[in-house]
Amino acid sequence: MSESMEIYVNTENVGKRIDTFISGNISEMTRSAVQGLIEKNKVLVNGRPVNKNYKLKSGDNITVEIPEPQIMDAIPENIPLEIVYEDNDLLVVNKPKGMVVHPAHANYNGTLVNALLYHCGESLSGINGVIRPGIVHRIDKNTSGLLIVAKNDRSHIRLAEQIKEHSFTREYEAIASGYFRETSGTIEAPIGRHKTDRKKMCVTTENSRHAVTHYTVIRQYAGYAHVKLRLETGRTHQIRVHLSYIGHAVLGDDVYGKPYKNIDGQCLHARKIGFVHPTTEEYMEFTSELPDYFRKILDKLEKTG
């Protein structure tokens, strides 16, 4: 059964957004989870539903209906994992290109979550629900590289806070199309859902979120460039959208660029990840070698100039 929680608003919290306020008072709930409850009218202020951006007033009485935990739908599968690091709080995984991170429509099996459930059992955070246990952040199916997984809610919350505060290191390498006139720079352009194709993202000022990507060209080739990218924010498809926006789509990206005959999917690799450990509070950093598919393309570009 679901449970109900009441929160009384005092003067020091007047003016705060309700989603931020509730997530700060119910430690096991993220802001996005609270927003989901608000949309379902499971959050009432003085007995009435409100919007997620409602500003609190002195004396407001908030009632939150917390749903009971759902039965896990994702099934454990004995899928090999390349685990770079693991302890009682988290693990760092090197995801291969072609693996989906969590179950979704048309991808219920063979995902990273299925593999994690087999490896970790019940030792995964539950903040993101039954389909995404342990998943603090994601990378695309056809992006390879490092991903951090939380084993408990406390670690999940502390790692998510670092991402929100932009103190979480995420560096990628990509092969991009075209010649870069500027060998380093920053792409600062808001990203939102595409108006006509809801599966795509785009640079837009409508219903968008602030997005910043820093890039450095490692080497230029004939018609292509090997690029290092650092995420300041982490929007859906951010690197792919930003590079396409400035005319340098990721090689092989058939959504924001065009396919490449010798690879399946985009040539994009999550090379480095760094964070402050949620328990020891020590900074940790991990690097993943470029995968074979990436190296082979670089070798080919090297030969052709």
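Per-structure values
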| read-out | value |
| --- | --- |
| Close pairs (9 angstrom Cβ cut-off, 6 or more residues apart or separate chains): closer than 14 Å to ARG295 by Cα and at pLDDT below 95 in segment 260-283, of a type in the set (Phe, Trp, Tyr) and not in a loop (DSSP other than H, G, I, E, B) anywhere | ASN262/TYR293; ILE263/TYR293; ILE263/PHE294 |
| Check on ILE139, hydrophobic (A, V, I, L, M, F, W, C), modelled with pLDDT of 90 or more and within 18 Å of ASN109 (Cα to Cα) | yes |
| Selection status of LYS199, open to solvent by 20 Å² or more (accessible area, probe 1.4 Å) and over 21 Å from the mean Cα position of the chain (by Cα) | no |
| Matching residues in segment 80-97 - criterion: being of a type outside the set (Ser, Thr, Tyr) and either open to solvent by less than 40 Å² (accessible area, probe 1.4 Å) or under 19 Å from HIS156 (Cα atoms) (or both) | ILE83, VAL84, GLU86, ASP87, ASN88, ASP89, LEU90, LEU91, VAL92, VAL93, ASN94, LYS95 |
| Matching residues, segment 263-284, being open to solvent by 50 Å² or more (accessible area, probe 1.4 Å) and part of a strand (DSSP E or B) | LYS272, VAL276, TYR283 |
| Residue check for ILE79: among the hydrophobic types (A, V, I, L, M, F, W, C), out of contact with any helix residue (DSSP H, G or I) (no Cβ under 8 Å at 6 or more places or on another chain), modelled with pLDDT of 90 or more and under 27 Å from LEU268 (Cα atoms) | no |
| Looking only at segment 285-305, and only at residues there that are part of a helix (DSSP H, G or I) and among the hydrophobic types (A, V, I, L, M, F, W, C), the one that is surrounded by the most Cβ atoms within 10 Å (Cβ to Cβ) | PHE294 |
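Every residue, every condition in (1) open to solvent by 10 Å² or more (accessible area, probe 1.4 Å); (2) in contact (Cβ under 8 Å) with a residue 60 or more places away in the chain; (3) farther than 19 Å from VAL255 by Cβ, yes or no:
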| residue | (1), (2), (3) |
| --- | --- |
| THR143 | no, yes, no |
| LEU146 | no, yes, yes |
| LYS151 | yes, yes, yes |
| SER155 | no, yes, yes |
| ARG158 | yes, yes, yes |
| GLN162 | yes, yes, yes |
| SER167 | yes, yes, yes |
| TYR172 | yes, yes, no |
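The values are calculated or read from the model by the stated rules, or taken from the named source; none is laboratory data. Since the model is a prediction, treat every value here as computed from it, not as a measurement. Every residue, glycine as well, gets a Cβ built from its backbone with ideal geometry; the counts of neighbours run over all protein chains shown. Note: accessible area is taken over every heavy atom of the protein model, side chains too, but ligands, DNA and RNA are not part of it. Shrake-Rupley method; radii C 1.70, N 1.55, O 1.52, S 1.80 Å.
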